[in-house]
Amino acid sequence: IVDTAIPMVGPWSQEFFHWFADYLPRLRQIEQLYGSVNNAPPLLIPSNAPNWLQSSLDLLGVDEENRIQWHGGRMNVRQFVIPSLPRHVESTKPDAGYIQSPRAMEWVSSQLRSAVDMSNRPDVGRRLYVSRANQSDRRVINEANLCSVLSSHGFDIIYPENWSLEEQVATFAQSEAVCGPHG
């Protein structure tokens, strides 16, 4: 039984893009309401959350004591505080979806960058191609040809899934150009 909680769980809460674009921006609203995310009720987060998810909360200053891992079963919560998803544009078409708020995305980005030691990055250049060769979906069919062309233009081929979140933040924050399929 939990008196009050803030749900940070949903169908895509363990998907990298959606966590950073749909869930973390809500922390800004929580901070505005409570002064600090650690003054707020505990966050419900997915159980067995990936390391990058836990690391993002660490970097944004959410104490482990202020997180409850939810296993997907029944839970008695007397009151939910549900921050809305910051949107840029609402569509009038039901299947068109929404666009993430640039202001909210910038807040997440600046918070993460300010929490990371920028010298903590892999030895790569400033032009990056994010390969999905090690992933099971959204792979580039002619990636060998593409990598050859990109290499001739000074791009390093990277596999950020092998890096810590801190290394990813430091590397992308200092990049000149990033190329790759959205994943």
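Restricting to strands (runs of 3 or more DSSP E) lying wholly in the range 1-75: which have 1 or more residues that are open to solvent by less than 30 Å² (accessible area, probe 1.4 Å) and of a type in the set (Gly, Ala, Ser)?
2-7
Quick check: anything in the range 97-105 within 18 Å of Leu165 (Cβ to Cβ) and either at pLDDT below 95 or part of a strand (DSSP E or B) (or both)?
Yes, that holds for at least one residue.
Restrict the check to the range 147-154 and report whether at least one residue is at pLDDT below 90, out of contact with any Leu (no Cβ under 8 Å at 6 or more places or on another chain) and not acidic (Asp, Glu). Don't jump to the end; show me each part of the working.
We begin by selecting, within the range 147-154, every residue at pLDDT below 90; these are none.
Within the range 147-154 (the criterion being at pLDDT below 90, out of contact with any Leu (no Cβ under 8 Å at 6 or more places or on another chain) and not acidic (Asp, Glu)), the answer is no, since none of the residues qualifies.
Table: residues versus (1) assigned to a strand (DSSP E or B); (2) modelled with pLDDT of 95 or more; (3) surrounded by 10 or more Cβ atoms within 10 Å (Cβ to Cβ).
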position: Lys93; (1), (2), (3): no, no, no
position: Gln111; (1), (2), (3): no, yes, yes
position: Asp137; (1), (2), (3): no, no, no
position: Ile157; (1), (2), (3): yes, yes, yes
position: Pro181; (1), (2), (3): no, no, yes
**Asked** Which condition does His153 not pass, out of (1) exposed (fewer than 13 other Cβ atoms within 10 Å of the Cβ); (2) under 18 Å from the mean Cα position of the chain (by Cα), if it passes all the others?
**Response** (2)
**Asked** List, please: which pairs have Cβ atoms under 7 Å, are six or more places apart or on different chains, and start with a residue in the range 38-53 that is over 20 Å from Val2 (Cα atoms) and end with one that is part of a helix (DSSP H, G or I)?
**Response** Trp52/Phe16; Trp52/Leu165; Leu53/Trp19
**Asked** closer than 20 Å to Gln54 by Cα, touching a Ser or Thr at 6+ places or on another chain (Cβ under 6 Å) and either part of a helix (DSSP H, G or I) or open to solvent by 50 Å² or more (accessible area, probe 1.4 Å) (or both): does that describe Arg121?
**Response** yes
**Asked** Which condition does Ile141 not pass, out of (1) over 25 Å from Gln54 (Cα atoms); (2) of a type in the set (Val, Ile, Thr); (3) not in a loop (DSSP other than H, G, I, E, B), if it passes all the others?
**Response** (3)
**Request:** Could you check, for the range 168-178, whether at least one of its residues is touching a strand residue (DSSP E or B) at 6+ places or on another chain (Cβ under 9 Å) and in a helix (DSSP H, G or I)?
**Result:** yes
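The values are calculated or read from the model by the stated rules, or taken from the named source; none is laboratory data. All of these numbers come straight from a predicted model, not from anything done at the bench. Reconstructed Cβ throughout: ideal geometry from the backbone, glycine too, with neighbour counts over all protein chains shown. Surface accessibility is based on the protein's heavy atoms, side chains included, excluding ligands, DNA and RNA. Shrake-Rupley method; radii C 1.70, N 1.55, O 1.52, S 1.80 Å.
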